[in-house]
Amino acid sequence: MMRANTTVIERLFRPAPDRRLGERLVQEGHITEQQLRQALEVQGRTHGLLGQILVDLGFVSAPTVGRLMAKNFGVEYVDLMEVRPDPSAVHLVPESVIRAMQVLPLRCVGDTIEVAMIDPLNVAAIDTIHQHTNLRVVPYLTMAAELQRAINDQFDAHTRASEALQQLESEDNEQSGLSHAELVAASEAPIVRLVDSIIESALALRASDIHFEPHEGGLRVRFRVDGTLLDQTDIPRSQRAPLTARLKVLCLMDITENRRPQDGRMTYNEHGRIYDIRASSVPTVFGEKIVLRILDKSSVMVPLGKLGFQGDQQRRFEGLIRQPHGMVIVVGPTGSGKSTTLYASLNLLNDSTRNIMTLEDPVEYHVQGINQVQVNPRIGLTFASGLRAFVRQDPDVILVGEIRDEETADMAVQASLTGHLVLSTLHTNSAVGTVARLTNLGVNPFLIAQSLLGVCSQRLVARICNHCAVEYQPAPDVLESVGLHPDEARGITFRRGTGCRTCHGRGYLGRIGLYEVLTVNEEIRLLIMRGASEEEIQAAAERNGMMSLRDCAAAAVKAGITTPEEMGRVVLAKGG
């Protein structure tokens, strides 16, 4: 790594960096005008850094943005995916300072210490590092996501969790007769560190859920990462009660109640990045099982074009949600990305000419320019009663978080028939299964046919990590299990990840959507009215150009986005 030629003082007193970063990226051909507009819209809602937003949206690589920003700052760029910090330099600065200041020492050279920073002009951070090391600081610019990943690699949260457990076990506690509140008070500091370590470890792995599962010997902790549950650690039985109590206190749940299910939520701030966390507890034979669902506010700002639509699926779906009235339903199991698709739709429609209102349970993400309402059954504000109020508010677009019962279904249908565009979700296995589900809820097939514009069914499949991807040949039985016949498999270059630092050894990094978009045309409308079977409707939809979930998954395999094994885990060989 080369040392910077200019001094810190010279850099500190230079003019502020060029604020037209987006325009320069467009001029140099790295991004398009449309991509810049999308990124600026996200920046207006999240107030994040434009460069990082462009990277998060996948429009440009981190090194491309980083090198351009570094040039503006008058420093050098360091790619932390390629450069490993020297542990002896890292240990000169306390972890608390590194995380608080968002810096990472790289190496010491003579009387200087080279430091990766998001903001190389952060005088306070530079001064703090100098005080701790008594060395002259040479700042390098890096991108936020790469810096956070490198910090987490240096200070492994799993190790800190083990250290917190050792400290807890070494304490002489005789607390078996105490209440949960007293347990928390007695072991507050180590329990706080333990819970924080688990949550930070989950965030580092980009987990969507944290499972705390009691068993006879203690408490098992598992993370759901890219759709798969992974074992993390086991908490001793002696610490099960205080840890459970700590979680319930954080999530504003009743710690004295352990016989009935409870719901709660909290906000977690990881060095300036805000996460909403929803909690659910249920009693089991060995104690309360708690699941934390992690909601990253930035993930909802994904544009439709980045969700994973294949072929003309995006055009079909956009055609549905741009209709002035009718009902569009997104279906799939829990955790399949339905909320992300709906919010991407709202972001596309969100302008000053439309009155958009949402009825949600809970309101997961706050979006500027949209009127969002939280369902509260305790005061009589249900999906159905909220819908009745909404139609008197002159809405153009109504989002109903979920159609759960006959009353809500009837109100949604009536709203869509009286000049409103209604977006909602259902729990069904396929697009055509939506018709049967609405019928089971008591909606007349004639009304379904008249109101339903279309259905989007979806799943999430893990992406192959591009940093460690290699070519390979899957076993014949694997190909057969997902319906890829030898003739179809011939000519496909199959890829898989071998596991690396970037993907934490899993071979997958992130997820992408698989979709089937059912457009209700006249033929399908007649089939619905006469009560045709799902097979008949599916055949008609495919004749009219609908790509099935299975075909969408196969296309992702052929494109090298995912593996046949992951396709088999997520989508059945026939139909999904």
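Odds and ends about this structure:
- Packing-based order for 237-245, 376-384, using average beta carbon neighbours within 10 Å, highest first: 237-245, 376-384
- Kirkwood hydrodynamic radius of the stretch 251-378, from inverse mean 1/r over distinct Cα pairs, in Å: 17.2 Å
- Each peptide in 466-478, 542-554, 21-33, 356-368 receives the mean, over its residues, of other Cβ atoms within 10 Å, and ordering these scores from highest gives 542-554, 356-368, 21-33, 466-478.
- Cα-derived Rg to Rh of the stretch 278-334, Kirkwood definition: 1.19
- Cysteines of the chain lacking any other cysteine Cβ under 4.7 Å from their own Cβ: CYS108, CYS251, CYS456, CYS552.
- Cβ-based charge dipole, the chain, positive-most Cα from LEU292, THR439, ASN72: ASN72
- Amide H to amide H, with H built 1.01 Å from N, THR358 comes under 5 Å of ASN371, GLN372, VAL373, LEU399, counting only residues 5 or more places away or on other chains.
- Gyration tensor over alpha-carbon atoms, the stretch 393-478, equivalent ellipsoid semi-axes in Å: 38, 17, 10
- Charges were assigned to the Cβ only: +1 to each Lys and Arg, -1 to each Asp and Glu. The resulting dipole of the stretch 281-380 about its Cα centre is roughly 120 debye.
- Phi-derived couplings, Karplus 6.51 cos²θ - 1.76 cosθ + 1.60 at θ = phi - 60°, listed residue by residue for the stretch 455-462: 9, 10, 9, 8, 9, 10, 10, 6 Hz, with x used for Gly and Pro.
- Inter-label distance for GLU33 and ASN371, nm, one decimal - labels placed 7 Å from Cα along Cα-to-Cβ: 3.5 nm
- Dividing the alpha-carbon radius of gyration of the stretch 336-471 by the rule-of-thumb value 2.2 N^0.38 Å gives 1.17.
- Distance between the stretch 420-489 and the stretch 385-403 - C-alpha centres, whole angstrom: 27 Å
- Size estimate for the stretch 437-576 follows the Kirkwood approach: the inverse of mean 1/r over distinct Cα pairs works out to 16.8 Å.
- Mean separation of Cα contacts under 8 Å, 6 or more apart, over the residue count of the chain: relative contact order %: 9 percent
- Normalised contact order of the stretch 430-576, rounded percent, pairs of Cα under 8 Å and 6 or more residues apart: 33 percent
- At q = 0.21 Å⁻¹, base-10 log of I(q)/I(0) for the stretch 47-147 (Debye sum, equal scatterers on each alpha carbon): -1.06
- Percent of alpha-carbon pairs separated by more than 17 Å within the stretch 503-576: 52 percent
- For SER96 and GLN393, a Förster radius of 51 Å and the Cβ-Cβ distance give a FRET efficiency of 0.55, rounded to the nearest 0.05.
- Charging the Cβ of each Asp and Glu at -1 and of each Lys and Arg at +1, and nothing else, the dipole of the stretch 407-561 about its Cα centre rounds to 780 debye.
- Rounded to 10°, Cα long-axis angle of helix 144-154 versus longest principal axis of the chain: 60 degrees
- With helices as the sole contributors, the chain gives -11000 deg cm²/dmol at 222 nm; each DSSP H run of n ≥ 4 counts as -39500 (n - 2.57), and the sum is divided by every residue.
- Annotation: amide H of CYS465 within the under-5 Å range of GLY497, TYR508, LEU509, sequence separation 5 or more or interchain, hydrogens built in the peptide plane.
- Relative to the dominant Cα principal axis of the chain, helix 338-349 is inclined by about 90°.
- The dipole here belongs to the chain: it is taken about the Cα centre, uses +1 on the Cβ of Lys and Arg and -1 on the Cβ of Asp and Glu, and is about 800 debye.
- For ALA559 and SER481, a Förster radius of 25 Å and the Cβ-Cβ distance give a FRET efficiency of 0.80, rounded to the nearest 0.05.
- For the stretch 249-264, the Karplus equation 6.51 cos²θ - 1.76 cosθ + 1.60, evaluated at θ = phi - 60°, returns couplings of 5, 4, 9, 6, 9, 6, 6, 8, 9, 10, 9, 10, x, 9, 10, x Hz by residue, with Gly and Pro reported as x.
- 18 Å Cα-Cα reach of LYS338 towards aspartates and glutamates, excluding residues that sit fewer than 8 places from it in its own chain: ASP209, ASP226, ASP276, ASP296, GLU318, GLU360, ASP361, GLU364, GLU402, GLU516
- If the convex hull is drawn through the Cα atoms of the chain, its volume per residue in Å³: 184 Å³
- In terms of packing, defined here as the mean over residues of other Cβ atoms within 10 angstrom, the peptides 506-519, 121-134 line up highest first as 506-519, 121-134.
- Compactness check for the stretch 189-305: Cα Rg over 2.2 N^0.38 Å is 1.06.
- Extension gain, ARG569 to GLU535, is 9.9 nm, computed as 0.36 nm per intervening residue step minus the present C-alpha separation.
- The residue among ILE321, GLN239, GLY332 whose Cα reaches farthest toward the positive pole of the charge dipole of the chain, with charges on the beta-carbon of Lys, Arg, Asp and Glu, is ILE321.
- Separation between Cα centres of the stretch 306-377 and the stretch 56-113, rounded to whole Å: 38 Å
- Only protein heavy atoms count here; under a 1.4 Å probe, ARG530 has an accessible surface of about 140 Å².
- Note on the stretch 376-433: Kirkwood radius taken over Cα pairs, Stokes-Einstein applied at 25 °C and 0.890 mPa s, translational D equal to 206 µm² s⁻¹.
The values are calculated or read from the model by the stated rules, or taken from the named source; none is laboratory data. None of the values given here were measured: they were computed from a predicted structure. Note that each Cβ is placed from the backbone with ideal geometry, even for glycine, and that neighbours are counted across all protein chains shown. Side chains are part of the model used for accessible areas, which takes the heavy atoms of the whole protein and leaves out ligands, DNA and RNA. Shrake-Rupley method; radii C 1.70, N 1.55, O 1.52, S 1.80 Å.
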